[in-house]
Each structure stands twice: as C-alpha cells, then as structure tokens.
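The values are calculated or read from the model by the stated rules, or taken from the named source; none is laboratory data. Computed from a predicted structure; not experimentally measured. Here the Cβ positions follow ideal geometry from the backbone for every residue, glycine too, while neighbour counts run over all protein chains shown.
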Amino acid sequence: MILTLKELADYLKVHERTVLRMLKSGQIQGTKIGGQWRFNGSQIDTLFFPGRPVRPDEVPLAEFTRGHLGITLSRVMRADRLLFDLKATDGEGVLRELSQPILTATLVLDGQDFITKLLDRERLLSTGIGNGIAIPHPRDPLPTLREPAVVVFGRSLAGVDFGALDNSKVHLFYLLCCQNIELHLHLMGRLARLLRDEAFLAGCRTSTTSDEILRMVLEHERADFLKPE
C-alpha cells in the first residue's frame, strides 16, 4: 500500500514534521509525485514493525516503475474519455461524472464500488494538487480493471470546490486507474511531469476537440522521450 505524508504520520501516530525529519535523516525512504510525498507501506512495516510478515512489494519506490517504461499516457488516453464540459457542481458529482466512461465501457466489475473507492480516497486527503488541478484515483490499484490503465480527462468551466491544497477551485481533472501499483506510480510520475508544462495546461483549458488534447500529450511525450524517468 502507498501512503501519503499525512497517512504515514497518522499511521505512526507522529506529527508530519517528524516524518519529514526521518526522511531528511535517511531513516525512511519516499518518492515525490506531483510535489507530494509517497511512502511504501510495507517498507514502513518492516522498519517499525519487524514482526509482521514481509510482503513481496518491499522494494524502493524508485525501482517500481522500471518494468513499465514503455507505457505512456498517450497509450491509455482515448477520445471518448475526454470530457470538456463537466456539469457537476460538487466533488462527489464530479467523480460520478468522470466515472461514466469507465462504467459505460464496463471496465470495472462493480460501478458503485468503484465510485465508493474514489470517494473514500478523497475523504482521506484531497487529490486536488493546486493550480486548478486534481488527479482523482482509488487509494489501491484495481487488479480486475479490464485494461492495464485508464485516464479520464474532465474540464469544469466554472470550477469545483474539491478541497485542493491551495483552496482554489479545480477546473482540470485527470482520473487515473491502474491494475497494479507499479503502473500507477509510473503513470502518476508521467502525469505529474506533464502537468508542470504550462503550455499543456493552457491547451487543456482552451481546447475544444479530443484530437487537440491527444496531440499535445503525444508531442510532450516525444519531446520528453530521452529524458530520465
């Protein structure tokens, strides 16, 4: 299981500053994704609760993504999963609207359970990362997902109060679902890199066709191809 900074602090019953000090001293390992820390829960268990059974995913987070370098965002984004005018006015409504392409294509076994997983993740900590952007996702991977990974893009012209870190309304949503944690971290890293590109974000705010969005993603990936992951 992958934990956020707040989740890890709550798990260890310490302040978030204590977790950051442990990071700085090298006592624990973590990886930054989209400017936010993520921690391997099984590594934490091994370090602080050595009597617990060892799970097979106890490797550094940076090692997780190596087997998925060939899977790009452009391969998992499709025109029929780009929603340019979200109608919902609240967080739950947005998640339900973003889920529709996934439910319509029956990519998950239980649609209501899938939506519940998204809502549960938001209750833990908003996936609104600031700058009018959110990356909703289930807390845990979906092994029964009918495709290795799915990205649904949604745009709200009016913006939605989504509990974002900077308290701003969210206009751009990128819903990410994956079959396993390795692929999730790999694509989350690619998405975080893409969302640092202001030209791409400007295009997402103004584009009117799916072809424009998909072309921008592909062009960014081509330009980024030789850069280290």
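Yes/no per residue for (1) crowded, with 18+ Cβ neighbours inside 10 Å; (2) over 24 Å from Ala79 (Cβ atoms); (3) in the same structural domain as Glu7 (by TED's automatic domain parsing):
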{"site": "Val151", "(1), (2), (3)": "yes, no, no"}
{"site": "Asp166", "(1), (2), (3)": "no, yes, no"}
{"site": "Leu172", "(1), (2), (3)": "yes, no, no"}
{"site": "Cys178", "(1), (2), (3)": "yes, no, no"}
{"site": "Leu187", "(1), (2), (3)": "yes, no, no"}
{"site": "Leu194", "(1), (2), (3)": "yes, no, no"}
{"site": "Thr206", "(1), (2), (3)": "no, no, no"}
{"site": "Leu214", "(1), (2), (3)": "yes, no, no"}
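The set of residues in region 66-115 that are part of a helix (DSSP H, G or I), polar (S, T, N, Q) and over 16 Å from the mean Cα position of the chain (by Cα) comprises Gln100, Thr104, Gln112. Pairs are defined by a Cβ separation below 7 Å, a sequence spacing of at least 6 or placement on different chains, a first member in region 172-201 that is of a type in the set (D, E, K, R), and a second member that is modelled with pLDDT under 85 and outside any strand (DSSP E or B); the pairs so defined are Glu182/Phe64; Glu182/Thr65; Glu182/Gly67; Glu182/His68; Arg193/Asp224. If the condition is being out of contact with any Ser or Thr (no Cβ under 9 Å at 6 or more places or on another chain) and part of a helix (DSSP H, G or I), then region 173-183 contributes only Ile181. Only one of the numbered conditions (1) assigned to a loop (DSSP other than H, G, I, E, B); (2) at pLDDT 95 or above is not met by Leu201, and that is (1). Checked against the criteria, Cys204 counts as on the phi < 0 side of the Ramachandran plot and touching a Phe, Trp or Tyr at 6+ places or on another chain (Cβ under 8 Å). Cβ-Cβ distances below 6 Å connect the following pairs, each with a first residue in region 117-130 that is farther than 13 Å from Phe173 by Cβ, a second residue that is among the polar types (S, T, N, Q), and a separation of six or more residues or different chains: Leu125/Thr4.
If you filter region 29-56 down to residues that are in a loop (DSSP other than H, G, I, E, B) and either buried (at least 18 other Cβ atoms within 10 Å of the Cβ) or among the small types (Gly, Ala, Ser) (or both), you find that the one that is modelled with the highest pLDDT is Gly30. Regarding Met216, is this residue over 13 Å from the mean Cα position of the chain (by Cα) and not in a strand (DSSP E or B)? Considered against the rule, which asks whether it is over 13 Å from the mean Cα position of the chain (by Cα) and not in a strand (DSSP E or B), Met216 comes out as yes.
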